[in-house]
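First the structure, in the form of structure tokens, and then the observations on it.
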Amino acid sequence: MQCLGAILGAFIAQELRGETITPFYINDDANIVAIFFCEVITTGVIMFYALVTVVDKTYDQATGPLAIGMTVFQGILAGKWIGAGCLNPARWMGPALLVGGAAWNYHWVLWLGDCLGGLVFVVFYMTFFAPADRAWILKFGSTSDTKQAEAEELVESKF
């Protein structure tokens with residue numbers, strides 16, 4: 001849906017302006033490795049903070065959305081400094097599809113970096129930091145009995 005929205009949005013913007021829109025480019029002389037790892041880290045950190053505020057029921061800070069927003073902001077700043085602050089390759093896809101040509105150069109860096117960053121940081125959070133009732137694997141030094149007891153205690157404390 002995001003990709004279709006980006007294509008439709010780019011088409012509408014192009015029609016309203018009456019001229020060809022300018023897509024985002026990654027220059028040929030850009031450091032592709034740096035852009036890739038920047039995408040992995042910034043997208044991963046955003047996913048990590050989103051999971052902290054959503055998955056962990058004990059996190060009830062009112063500043064959760066602000067933390068996520070500031071993380072997106074730092075991702076944009078870091079990405080722009082490195083050479084391409086994407087964070088969502090779907091928004092790059094619409095203009096690139098309409099313009100074509102060099103707009104597709106290195107587009108794979110954005111898709112692969114964002115998908116890998118999200119995957120790695122989600123697995124990292126769900127393995128080591130998730131609450132006991134939602135963790136994907138057992139915590140170090142815990143057994144399934146203690147995990148079940150922690151989950152029941154958490155549920156009981158909410159009621």
Margin query: Quick check on region 112-126. Is at least one of its residues crowded, with 16+ Cβ neighbours inside 10 Å, of a type in the set (D, E, K, R), in a helix (DSSP H, G or I) and modelled with pLDDT under 85?
Written below: no
Checklist line | residue 45 vs. criteria modelled with pLDDT of 90 or more, part of a helix (DSSP H, G or I) and under 21 Å from the mean Cα position of the chain (by Cα) | finding: yes
Margin query: I need the full set of residues from region 1-31 which are small (Gly, Ala, Ser) and surrounded by 13 or more Cβ atoms within 10 Å (Cβ to Cβ), in order please.
Written below: 5, 6, 9, 10, 13, 30
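Rundown of residues vs (1) closer than 26 Å to residue 132 by Cα; (2) β-branched (Val, Ile, Thr); (3) more than 18 Å from the chain's Cα centre (by Cα), yes/no style:
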{"residue": "34", "(1), (2), (3)": "no, no, no"}
{"residue": "58", "(1), (2), (3)": "yes, yes, yes"}
{"residue": "64", "(1), (2), (3)": "yes, no, no"}
{"residue": "77", "(1), (2), (3)": "no, no, no"}
Item checked: Whichever residue in region 12-32 is under 20 Å from the mean Cα position of the chain (by Cα) and not aromatic (Phe, Trp, Tyr) and, among such residues, is modelled with the lowest pLDDT -> 26
Next item on the list: Select, from 84, 67, 34, 50, the only residue that is surrounded by 12 or more Cβ atoms within 10 Å (Cβ to Cβ), in contact (Cβ under 8 Å) with a residue 40 or more places away in the chain and not in a loop (DSSP other than H, G, I, E, B).
Entry: 34
Notebook entry, point to check: From the residues in region 52-90 that are polar (S, T, N, Q) and out of contact with any Pro (no Cβ under 8 Å at 6 or more places or on another chain), which one is farthest from residue 38 (Cα to Cα)?
Noted result: 61
Next item on the list: Have a look at 35, 46 and point out the one that is closer than 19 Å to residue 124 by Cα and not hydroxyl-bearing (Ser, Thr, Tyr).
Entry: 46
Next item on the list: State whether one or more residues within region 87-98 are more than 17 Å from residue 2 (Cβ to Cβ) and of a type outside the set (Phe, Trp, Tyr).
Entry: no
Checklist line | Within region 79-126, considering residues that are touching a Cys at 6+ places or on another chain (Cβ under 6 Å) and small (Gly, Ala, Ser), the one nearest to residue 20 (Cα to Cα) | finding: 90
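The values are calculated or read from the model by the stated rules, or taken from the named source; none is laboratory data. Treat the numbers as computed from the prediction; the structure is a model and nothing was measured. A quick note on method: Cβ atoms are made from the backbone with ideal geometry, for glycine too, and the neighbour counts reach across all protein chains shown.
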